[in-house]
Every structure is written in C-alpha cells, then in structure tokens.
Amino acid sequence: MKHLLKLQDLSREEILSILNLADQLKFERNNGIANNTLRGKKLGMIFQKASTRTRVSFETGIYELGGYGLFLSSADLQIGRGEPVEDTARVLSRYLDGIMIRTFAQKEVEDLAKYGSVPVINGLTDYAHPCQVLADLMTIREYKGSFKNLKMTYVGDGNNMANSLIVGAVKQEMAIAIACPEGYEPDKDIMAWAKANGDFTLTHDVEEAMANADVLYTDVWASMGMEKEKAEREKAFKGYQINSSNIKKAKKDVMVMHCLPAHRGEEITAEVFEEHAKEIFDEAENRLHAQKAVMVKLLK
C-alpha cells in the first residue's frame, strides 16, 4: 500500500489491516495511551473543497501521532493560479512526508501520486471517498461484530459515497443494494465490477432495496458543486428518504448511517436521524481513528 487513492486499489486483507489498526488506535486514545509513531512527520493537506470532518480529523490525527499538519487551501497555492498538478506534486514531495487532498477530479489525486514521491491520500473527490468508507466499515464492525451475512442499503444519489460504499461492501463480502432515481446511478464500471464480484442490486424502488437490510445509509441529494441543480434534484429525489415508515422494511436492529452533513427533512427525517444519532456520530468520530491508521500505514 503506497497510497490511498480509491478503495479499488486495496485488497480485502489490506482494508481489514487498516480497520484493525484503527481499533487499536481508538483504544489507545480512549485510554490515554500516547502514540508518537509519526513524530516529526509532516502532512500537507490540500483543500479545494470546504470541509469540517476531513480537515479537523486529519489535523487532529497527525497531531495526536506526533506529526504536523499543514493546511493548504487552493487560494494559498500556485495550483489555484494554474500551476500544473505534476509540478506541485514534485515540489511538495521535497518538503513533506505525505499529501492529503480534497478536490473535485479523481485525476488530480492520481496525478499527485504519479508525479510526486510521497504517499497521497484521497480526502474526497467527485468519484470516491475512501476515508469515509473506511470509517463506515469500522463502525459497522463495531455495531455488528463482523461483516458476515450483512446487507447494506444505500438510498439516494449515486455519487462518490455510493461508489465507494459499493466497493467497500463487496470487498468485505456484504450484500449491497442501491436505491436511486433514474439518471442518478453510480459509476457504470463500479456497478459492473460489483455484479461480477459480489451481491449487488440496483433498483429505483426504495422499499425494495430496504428489505431485510442490516445497515441503511444515505447522503445529501445535492453534493458540493451541485448547488445550481438543487431545485431539479429535490424533484428527482422526492421519496428517496429514510423515514419512520419505510425503515420498517429493514431489520428491527437496523443501524442508520450518514456521512454528514445531513439535511433533515430531505434524505432523512429528523425523527429517524435522532433515533440513530449515536451510530451516526460514532461513525463521524471514527473518521479520526481510521485516518490515523491510514497515516501510520503510509507515513511510518
């Protein structure tokens, strides 16, 4: 494992190794055990998209491991004024021990890894969100004990979250069902891979997808950069919501997850959100632990 660009690049065993280390790091933190594994290491954090959880969890994580995080907004870098990614990659590699980037195009992340000489971590692109799904898998295993015989259902936009959840679920041998409106399906290549390698279902019927689910997951209808589509998407996604009525189609002990931020009354009702707030905010916390594990794996 040289980088974390997308979950497709990792084997089932590599993902489990990250999760096991994340569990260990969480235990240490909760019990006041210091871990300075990355003492003196420097992580450059490039943000071309706004962030709450990604910035705070990475910055806190590298600090807790003894390293230092440098916040680099696109407004502060020459990359924001037209410097090629390949030049930025080669320059930053001379200063830093690793780079985390939160941006739009997956190619930008891939090019950073191609032209740079230090590990690159995908903090989010329009194509994938591997760090979030590692935290999601960690949380599911905490609540369910293992991934064996579990079914995950995702309701909403076939976006970066759907893409990465499909890969993460299939890699850990969970069944996964996606319920989305026509025209908003996940990446075609990812769906083809999932059908060939696991138990994958795509439907436009929310209740059909929710049937016997162990885990329900949703995300906002309009992600960052889609603000102009908000009205159109509100019409398209009407009914693609987790609520007190359709949640009954899932198993009684179903856990509900959301990558946040949540728009109560749209993709999830306030009632269901608050009933499942514990697992949702445990999931948010686990971003810190999962990403610390990734940084240790890559930067140590």
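Only the coordinates and a few stated rules stand behind these numbers; no lab work does. Being a predicted model, the structure only gives us computed values, none of them experimental. Every residue, glycine among them, receives a Cβ derived from its backbone with ideal geometry; neighbour counts consider all protein chains shown.
General observations
- If only the Cβ of Lys and Arg carry +1 and only the Cβ of Asp and Glu carry -1, the dipole of the chain around its Cα centre is close to 860 debye.
- Sequence-ordered 3J(HN,Hα) estimates for the range 271-276 from the Karplus curve with 6.51, -1.76 and 1.60 and θ = phi - 60° stand at 4, 5, 4, 5, 5, 10 Hz, glycine and proline given as x.
- Nearby aspartates and glutamates by direct alpha-carbon distance to Lys107 (threshold 14 angstrom, same-chain neighbours under 8 apart not counted): Glu86, Asp126
- For the range 132-283, the Cβ-based charge dipole about the Cα centre amounts to some 320 debye (Lys, Arg positive; Asp, Glu negative; other atoms uncharged).
- Separation of alpha-carbon centers, the range 149-193 and the range 1-68, rounded to whole Å: 25 Å
- For the range 173-264, with +1 on Lys and Arg beta carbons and -1 on Asp and Glu, the positive-most of Ile247, Gly198, Met210 along the dipole: Ile247
- Principal axis dimensions, largest first and in whole angstrom, of the chain by Cα: 54, 44, 37
- Volume per residue of the C-alpha convex hull in the range 151-300, rounded to whole Å³: 123 Å³
- For peptides 178-187, 148-157, 224-233, sequence by mean Cβ density within 10 Å, most packed first: 148-157, 178-187, 224-233
- Sorted by Cβ density within 10 Å, fewest first, the residues Tyr63, Tyr217, Tyr68: Tyr63, Tyr68, Tyr217
- Residues whose placed amide H lies under 5 Å from that of Glu173, excluding near-sequence neighbours: none
- Cα-based Rg of the range 1-153 normalised by 2.2 N^0.38 Å, two decimals: 1.09
- Amide H to amide H distances under 5 Å link Ser73 with Phe47, where only residues 5 or more positions off or on other chains count and H is placed in the peptide plane.
- Karplus 3J(HN,Hα) series, Hz, for the range 216-230 with 6.51 cos²θ - 1.76 cosθ + 1.60 (x for Gly, Pro): 10, 9, 8, 8, 4, 6, 10, 7, 4, x, 10, 4, 5, 8, 3
- Remark: Phe58, Phe147, Phe71 ranked as Phe71, Phe147, Phe58, counting other beta-carbon atoms within 10 Å and listing the fewest first.
- Computed log₁₀ I(q)/I(0) - Debye formula, equal Cα scatterers, no solvent, the range 260-300, q 0.19, 0.24, 0.35 Å⁻¹: -0.62, -0.77, -1.09
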